[in-house]
Amino acid sequence: MGICYQKENNSHKRKRKMKKLLIAVIIFILPLLSHTAFAQRGGGPPEERAEKQTAMMKEFLDLTDEQLPKVEEINLKFAKSNEELREKHRGNREAIIAAFRESEQLKEEALAQALTEEQLGKLREKKEEMRSQRRGRGSK
C-alpha cells in the first residue's frame, strides 16, 4: 500500500509541477513571441509590453543590475519595432509572420550581447517549449 501511495503522490507532484511550469512559460513567452493573434488584440502600448517582458525576464533569468537596463532597452526597441511591423503589414498574415520571425532573430542576437550563455540557453529552451505547445494545441 505504501508503494501505491508513493506513486500517486509522485504523479500528483509531477502534474502540479508541470502546471506551474506551463503557467510560467505562457506568462513569460507569450509577450516575447508576438504572433498574429496577439497582434490583432493589440496587447497594450509597446512600452507596457516591454516593461512586462523585462519584469518576467528579470525573475526568470535572474538578471543582474548591470543586465537589467540593457534588456529593458532591447525589449523596448523590439516592442516598438514590432508595433511598426504590425501596422506596415496589417491584413497580410504571411508578411507579419515573416517580419516577426526576422525581428525575433534580431532580438535574440541583441539579447546574446546582454545575457550569459546559460541565460540565453534558458530563454531558447522556453521559446522552443512554447512553440511545441502551440503546435500541439493547433493539431487538436
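Quick note: the coordinates plus some simple rules give every number you see, no bench work behind them. Bear in mind that the values here come from a model prediction, so they are computed numbers and not experimental data. All Cβ positions, even for glycine, are placed from backbone atoms using ideal geometry, and neighbour counts span all protein chains on display.
Some notes on this structure:
- Charge dipole of the stretch 39-127 (Cα centre as origin; +1 on each Lys and Arg Cβ, -1 on each Asp and Glu Cβ, all else neutral): 540 debye, rounded to the nearest 20.
- Put simply, when 122-135, 48-61 are sorted by average Cβ atoms within 10 angstrom per residue, most first, you get 48-61, 122-135.
- Subset of 52/126; 19/80; 52/88 violating a 20 Å alpha-carbon distance limit: 19/80; 52/88
- Prolate/oblate/rounded call for the stretch 51-140, Cα gyration tensor, a/c under 1.5 rounded: oblate
- Highest mean first, the peptides 75-88, 92-105 sorted by other C-beta atoms within 10 Å per residue fall in the order 75-88, 92-105.
- Multiplying the residue separation of residue 66 and residue 10 by 0.36 nm and subtracting their alpha-carbon distance yields 16.2 nm.
- Two-site FRET efficiency, residue 92 against residue 112, from Cβ-Cβ distance with R₀ of 30 Å, rounded to 0.05: 0.50
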